[in-house]
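The next block holds one structure in the form of structure tokens; read it before the comments.
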Amino acid sequence: MEDDLADTFTQVVAQLDAPLVIVTTVAGGERAGCLVGFHGQCSIEPVRYVVWLSKANHTCRVALHAEHLVVHLLDRSQHDLAELFGGHSGDELDKFQRCRWTPGPGGVPELDDCPNRFVARRVALLDEGSDHVCVVVEPIAAHSDTPVTPLRLSDVGDVEPGHRNDERPMPPTERATTW
Ligand SMILES: Cc1cc2nc3c(=O)[nH]c(=O)nc-3n(C[C@H](O)[C@H](O)[C@H](O)COP(=O)(O)O)c2cc1C
């Protein structure tokens, strides 16, 4: 993309100031989760939601084999949790030793400190060659509590992602877990 177009595109999209969520998942007993800004409802009937996971992320590699994902809303007061899940990779540490969680369907971690959340079943994947994979899910359970004031992109400018989008593992199935 030309520099001018890229700059203007970034300025336009930044105005949306996306609300952030934490997406967790599990496959073969391996838990994963990361901070996600690319997400949204994508069908009304049947209800479908979509999250885009970076191919660089541990969470993406686990989600490709997973049945369940949990989408957790974050309140503006939860910068620390956003930093844990967005600023560190499961390739380096076990995030689930540093937060409170309860196993949900199939053992998928549900974060106790995020009571506004839904559990979903994976129904489709789209990889069109870009650096994120599109994961379409169907909600199967939901919990709601006092509504959040969403934590947004502009609230976490100080969080450096645990993986840059161009850090793809080679081979793509590699697990770099050291814990
Ligand atoms: C503000 C912000 C938004 C992010 N949005 C996404 C996203 O939409 N999808 C994604 O896969 N990663 C996203 N990330 C990056 C991951 O949360 C981050 O690289 C994380 O450390 C990956 O952890 P993992 O390797 O354990 O999966 C975002 C990070 C930040 C700071």
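The values are calculated or read from the model by the stated rules, or taken from the named source; none is laboratory data. On a predicted model such as this, the values are computed, not experimentally measured, just so you know. Methodologically, a virtual Cβ is constructed for each residue, glycine included, from the backbone with ideal geometry; neighbour enumeration extends over all protein chains shown. Note: accessible area is taken over every heavy atom of the protein model, side chains too, but ligands, DNA and RNA are not part of it. Shrake-Rupley method; radii C 1.70, N 1.55, O 1.52, S 1.80 Å.
Listed residues 46, 139, 147; which is assigned to a loop (DSSP other than H, G, I, E, B) and open to solvent by less than 70 Å² (accessible area, probe 1.4 Å)? Give the steps one after another, and end with the answer.
Values: 139 fails: assigned to a loop (DSSP other than H, G, I, E, B); 147 fails: open to solvent by less than 70 Å² (accessible area, probe 1.4 Å).
Among 46, 139, 147, only 46 is assigned to a loop (DSSP other than H, G, I, E, B) and open to solvent by less than 70 Å² (accessible area, probe 1.4 Å).
Does residue 51 meet the test of being within 8 Å of the ligand (Cβ to nearest atom) and under 17 Å from residue 119 (Cβ atoms)?
Taking the combined requirement at face value, the residue satisfies it.
Name every residue in region 57-68 that is within 20 Å of residue 131 (Cα to Cα) and more than 7 Å from the ligand (Cβ to nearest atom), in order of residue number. Walk me through it before giving the result.
Applying the first criterion (within 20 Å of residue 131 (Cα to Cα)) to region 57-68 yields 57-66.
61, 62, 63, 64, 65, 66 - these are the residues of region 57-68 that are within 20 Å of residue 131 (Cα to Cα) and more than 7 Å from the ligand (Cβ to nearest atom).
Go through region 69-119 residue by residue and tally those that are within 13 Å of the ligand (Cβ to nearest atom), of a type outside the set (S, T, N, Q) and either assigned to a strand (DSSP E or B) or touching a residue at least 40 places away in the same chain (Cβ under 8 Å) (or both).
20
Within the set of pairs 6+ apart or on separate chains, which have a first residue in region 30-42 that is farther than 15 Å from residue 100 by Cα, a second that is part of a strand (DSSP E or B) and within 6 Å of the ligand (Cβ to nearest atom), and C-beta atoms under 6 Å apart?
Sorted first by the residue in region 30-42, then by its partner, the pairs are 38/52.
Residue 17: in a helix (DSSP H, G or I), open to solvent by 10 Å² or more (accessible area, probe 1.4 Å), over 21 Å from residue 104 (Cβ atoms) and more than 9 Å from the ligand (Cβ to nearest atom), yes or no? Spell out the reasoning first.
Details: in a helix (DSSP H, G or I): no; open to solvent by 10 Å² or more (accessible area, probe 1.4 Å): yes; over 21 Å from residue 104 (Cβ atoms): yes; more than 9 Å from the ligand (Cβ to nearest atom): yes.
No: the conditions fail for residue 17.
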